[in-house]
1. Which order results if 221, 312, 156, 287 are arranged by neighbouring Cβ count within 10 Å, fewest first?
2. Which residue, chosen from 227, 239, 273, occupies the Cα position most advanced towards the positive end of the dipole of segment 199-289, where the dipole is computed from +1 (Lys, Arg) and -1 (Asp, Glu) charges on Cβ about the Cα centre?
3. Can you give the FRET efficiency to the nearest 0.05 for residue 345 and residue 141, using r as the Cβ-Cβ distance and R₀ = 51 Å?
4. So, by mean Cβ neighbours within 10 angstrom, what's the order for 227-234, 48-55, 161-168 with the highest one leading?
5. Give me the dipole magnitude in Debye, nearest 20, for segment 212-311 about the Cα centre, with unit charges on the beta carbon: positive for Lys and Arg, negative for Asp and Glu.
6. Taking 0.36 nm per residue of sequence separation and subtracting the Cα-Cα distance, how much length would be gained by fully extending the chain between residue 79 and residue 155, in nm to one decimal?
7. Return the subset of 289/309; 255/339; 25/280 for which the Cα-Cα distance in this structure is over 28 Å, preserving the input order.
8. Given R₀ = 41 Å, FRET efficiency for residue 258-residue 47 by Cβ-Cβ distance, to 0.05?
Amino acid sequence: MDAILMANELVDSRVRSNIPGILCKLDIQKAYDHLNWNFLLEAISKRGFGGRCIRWMKFCISTVNFSVLINGSPTGFFSSQRGLRQGDPLSPFLFIIAIESLNDMLKIAQENSWLKGFKASHKEAQTWRLPICRLHINWNKSFLYPVNEVPNLTLMAGVLGGSIGELPTVYLGMPLGDQNRSIDIWNGVVEKCEKRLVNWKNQYLSLGGRLTLINSVLDSMPTYMMSFFPIPDEVIVRLDVLRRNFLWEGNSKTKKFHLVKWDALIGSKQKGGMGVRNLKTQNQCLMMKWLWRFASSELALWKEVIQLKYEMADYWTTRMVTDSYGINLWRSIRNLWPKLRENSSIRTEDSKKVLFWEDKWITLQLWEMFLSKKGLNWVMPRKIDQTLKIWSSYANLSDHKDRWKIIPACIWWAAWTERNLRSIGKI
């Protein structure tokens, strides 16, 4: 999900800059079948796995036997010399470790200025593959997507052997390069719901059974899409009609009376509803999850991209996005910050999670303001007793003893004011 957000934001930045570029979507040729075992084990070792663990993994991938049918008859078993098994729970994790080498190669290319942003040298594009691990790029299934006007695109595609695509496209099942407020991007979600209902309508289901299917299956189908894009009201109406008609009519070909108002069904059972989700509320909650992750996570590549693009407003979030709605996803997400802030509160945890002496507190701004006026660059000592000694020495030697002594009172007053404002709900 992080990659989808970053890809749309980067494409949006490129489109707005009017600088030509190429977005390469590469497909690895028979990735699982061609993986070299020696390379895989070496990559695992480089990642810090122990010898015993590596021997276990080698045993799992090297003791596999295969059998094929010729004219409908088995021909016996034979062992393999490379590749990973499809369907093995361990295979995806091993493949991720191996493919990290591609990431390392891209980093080396960036450090040596072979790759820069959307640009790649013509020579490198011809030889870009993974010869060590026996993985090759399948150019027949790879595409070059121009961003803005790109000269000599046809010539480059002919040299590489890839195809020329057009934005918008699909990346990891989500739209890439499309207007995020477009209704057309939701047509696929509505069609999937309609196809699922066709199969259900052929079965004789009770009212409770239909309600269970709506709550457990149908309401979950738009979840992936709603995690990124604001759902238009028109799409909500279409999905509500599908859910409402299926609930009350089932497989009947004639229209039936809807015994309960739809708004009464939406909501939790504890509040008198039937557990049917409000799509608008669900959409906002899923998008606000990004804001929560942004405020709580420290080391994340997608967060770094957002910070560099939009700049920080405070510790919790970025500045309000004033650009026009386009390919970027963050503007719609950022607009939900006031609602998230209104429905959340800050609570100080115990010392196991909070480093009292090292965390940034509200009163720190007052402290830094006073010291900056005195021309002091204060670095908080690691130990409390050191701070107290420094404090007493400055207070006794300074010409402004009264100001030094009144700082603690100001800090306590600021903390008490903040506490009272929060207790009465004004913050």
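Read the figures in this text as sums done on the coordinates, not as results from a lab. Quantities reported herein were computed from a predicted structural model and do not represent experimental measurements. Cβ sites come from the backbone with ideal geometry, for glycine too, and all protein chains shown count toward neighbours.
1. Values: 221 15, 312 12, 156 18, 287 22.
Fewest-to-most Cβ neighbours within 10 Å comes out as 312, 221, 156, 287.
2. Projecting each Cα onto the dipole axis, the largest value belongs to 273.
3. Numbers: r = 50 Å, r/R0 = 0.98.
Using R0 = 51 Å, I get an efficiency of 0.55.
4. Output ranking for 227-234, 48-55, 161-168: 227-234, 161-168, 48-55.
5. Numbers: 15 positive and 9 negative charges, 100 e Å.
Charge dipole of segment 212-311: 480 debye, to the nearest 20.
6. Numbers: separation 76, 0.36 × 76 = 27.36 nm, distance 4.38 nm.
Taking 0.36 nm per residue and subtracting the Cα distance, the gain is 23.0 nm.
7. Numbers: 289/309 20 Å; 255/339 40 Å; 25/280 33 Å.
In this structure, 255/339; 25/280 exceed 28 Å between Cα atoms.
8. Values: r = 58 Å, r/R0 = 1.41.
My answer for the efficiency is 0.10.
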